[in-house]
Amino acid sequence: MSELANSYYRATANPSPARPPLDGEAKVDVCVVGGGYTGLSTALHLAERGYATLLLEAEQIGFGASGRNGGQINSGLRKGASELVSMFGREAAKRFWDLSEEAKATLRERVARHAIACDLKGGGLYAAYKKTDPAWMAAEVELTRKLFGYDAQELLDKAGLEERLGSRRYHGAIADAGAGHLHPLNYALGLAAAAEAAGVRICERSRALAIAPGEVKTAAGPVKARYVVLGCNAYLDGLEPRIAGKIMPISNYIVATEPLGDSGARALIRDDAAVCDTKFVVDYFRLSADKRLLFGGGETYSRTAPRDIAGFVRPYTLKVFPQLKGTRIDYAWGGQLAITMNRLPHLGRLPGDVFFAQGYSGQGVAIATLAGKLIAEALAGTAERFDLFARVDQRSFPGGTLLRRPALVLGMLWYALRDRL
């Protein structure tokens with residue numbers, strides 16, 4: 001996709017070999033489809049359990065959201081503590097939270113164990129866009145501490161936030177010492193190298209054309225496998241219609257400024273934290289290792305990117321940091337992520353020993369890493385943790401895959417209007 005050509009992540013990617021495509025029929029224990037975090041984490045965990053595993057990637061490792069995203073590692077799921085309790089009760093809500101904490105821990109353990117050079121850093125700010133936000137944020141911090149035992153969050157008032165953030169747009173924030181950020185593509189490339197070292201065979205430029213019981217069909221020949229794992233997320237397309245309607249691919253865009261220098265970067269984000277706000281159409285931003293501002297803002301609901309991505313994102317950037325008006329944008333790119341109706345990840349299994357995970361709704365860096373671990377557990381016969389997610393009722397988008405996009409556009413326009421009120 002053309003919008004990937006000017007990606008800062010591609011320009012600063014660690015060296016990685018080109019993997020040859022599949023060259024004929026293969027027979028393995030597990031065929032994993034998708035070379036992003038879900039597929040790579042699943043393949044790595046399975047190989048460590050002794051499963052002969054082959055991973056098929058239609059393009060190249062990290063081509064999808066795993067190599068394009070904002071690089072933010074957030075605590076919890078897209079639902080806060082109060083919403084999780086309302087949906088599932090206190091006990092199940094605590095289990096979901098504990099798994100989300102394990103997701104972050106698993107990511108950090110993988111980075112450390114495999115010496116993945118991905119600029120991993122700690123700290124996050126959840127910025128209050130509306131004047132009314134600090135009240136519910138205070139309640140959320142307290143509930144998270146009391147119910148989940150999580151005490152890494154601190155509520156900041158407007159003045160306290162402005163000591164850490166060079167913007168006057170917000171009314172306070174939750175500072176989260178347990179959050180963080182990284183170079184997402186380099187993390188994916190590191191997982192791929194670790195998976196290969198564990199015995200996984202990775203075939204790039206090898207698109208799965210169809211799924212049948214015990215088989216994945218490709219142009220080069222079939223892959224015979226006892227188990228199949230789908231980790232395609234927003235790039236699933238029509239490969240598996242039984243789950244395609246449970247997610248909605250949406251497009252998001254990021255820019256990288258010119259290097260700002262130590263003082264210039266610190267003036268924007270004093271403590272080098274990852275920042276996102278409470279708008280429905282979220283603005284999110286952080287600093288790169290070479291002191292650029294990486295800023296994500298704006299969404300579209302088409303696979304066609306804006307002709308001028310930098311021009312599309314710049315107004316969002318300047319609303320937060322007007323002092324960057326004369327700053328050059330060196331990179332601008334976009335890609336697709338997948339959301340679910342309830343914004344919780346969609347994990348499950350289909351007849352014929354097909355496992356899948358998708359719909360991370362913007363929380364995929366850590367949660368997709370965990371999903372791979374849970375899939376490996378379930379495939380090996382211990383499914384209790386996997387089933388906590390698999391039992392969540394995931395509704396299909398109204399209108400199915402044909403009409404879901406127009407319905408979503410109307411809904412998104414309404415919520416975008418609410419952001420302005």
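The values are calculated or read from the model by the stated rules, or taken from the named source; none is laboratory data. Model, not experiment: these values are computed from the prediction. A quick note on method: Cβ atoms are made from the backbone with ideal geometry, for glycine too, and the neighbour counts reach across all protein chains shown.
Quick look at the values:
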item	result
Residue tally, condition farther than 25 Å from Thr12 by Cβ, in contact with a helix residue (DSSP H, G or I) (Cβ under 7 Å, 6 or more places away or on another chain) and in a strand (DSSP E or B), over the range 310-344	1
Number of the condition not met by Ala219 [criteria: (1) buried (at least 24 other Cβ atoms within 10 Å of the Cβ); (2) among the aliphatic types (A, V, I, L, M); (3) without any contact (Cβ under 8 Å) to a residue 24 or more places away in the chain]	(1)
Some residue of the range 204-216 being in contact with a Gly (Cβ under 7 Å, 6 or more places away or on another chain) and in a strand (DSSP E or B)	no
Where Gly70 falls short, out of the listed (1) outside any helix (DSSP H, G or I); (2) under 30 Å from Gly221 (Cβ atoms); (3) touching a Phe, Trp or Tyr at 6+ places or on another chain (Cβ under 6 Å)	(2)
Residue ranges of strands (runs of 3 or more DSSP E) in the range 231-292 with at least 1 members out of contact with any Ser or Thr (no Cβ under 6 Å at 6 or more places or on another chain) and of a type in the set (Phe, Trp, Tyr)	247-257, 284-287
Boolean, Pro398 is more than 19 Å from Gly67 (Cβ to Cβ) and free of Cβ contacts under 8 Å to residues at least 24 places away in the same chain	yes
Subset of the range 56-67 (residues that are assigned to a loop (DSSP other than H, G, I, E, B) and either among the charged types (D, E, K, R) or out of contact with any strand residue (DSSP E or B) (no Cβ under 8 Å at 6 or more places or on another chain) (or both))	Glu57, Glu59, Gln60, Gly62, Phe63
Residues that are in contact (Cβ under 8 Å) with a residue 60 or more places away in the chain, surrounded by fewer than 19 Cβ atoms within 10 Å (Cβ to Cβ) and farther than 30 Å from Val32 by Cα, drawn from the range 306-364	Lys319, Gln323, Thr327, Arg328, Asp330
Residue in the range 154-174 that is surrounded by the fewest Cβ atoms within 10 Å (Cβ to Cβ), counting only those that are of a type in the set (A, V, I, L, M, F, W, C) and either touching a residue at least 24 places away in the same chain (Cβ under 8 Å) or under 17 Å from Glu140 (Cβ atoms) (or both)	Leu155
Complete set of residues in the range 110-151 that are among the small types (Gly, Ala, Ser) and over 22 Å from the mean Cα position of the chain (by Cα)	Ala135, Ala138, Ala139, Gly149
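Residue by residue, here is whether (1) within 30 Å of Leu143 (Cα to Cα); (2) of a type in the set (A, V, I, L, M); (3) touching a Lys or Arg at 6+ places or on another chain (Cβ under 6 Å) holds:
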{"residue": "Tyr9", "(1), (2), (3)": "no, no, no"}
{"residue": "Gly64", "(1), (2), (3)": "no, no, no"}
{"residue": "Arg78", "(1), (2), (3)": "yes, no, yes"}
{"residue": "Ser82", "(1), (2), (3)": "yes, no, no"}
{"residue": "Phe88", "(1), (2), (3)": "yes, no, no"}
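Listed here are the residues, each with its yes/no results for (1) among the polar types (S, T, N, Q); (2) at pLDDT below 95; (3) in contact with a strand residue (DSSP E or B) (Cβ under 9 Å, 6 or more places away or on another chain); (4) over 28 Å from Gly334 (Cβ atoms).
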residue: Asn6; (1), (2), (3), (4): yes, yes, yes, no
residue: Ala26; (1), (2), (3), (4): no, no, yes, yes
residue: Val32; (1), (2), (3), (4): no, no, yes, no
residue: Gly39; (1), (2), (3), (4): no, no, yes, no
residue: Ala43; (1), (2), (3), (4): no, no, yes, no
residue: Leu54; (1), (2), (3), (4): no, no, yes, yes
residue: Asn69; (1), (2), (3), (4): yes, no, yes, no
residue: Gly80; (1), (2), (3), (4): no, yes, no, no
residue: Ala93; (1), (2), (3), (4): no, no, no, yes
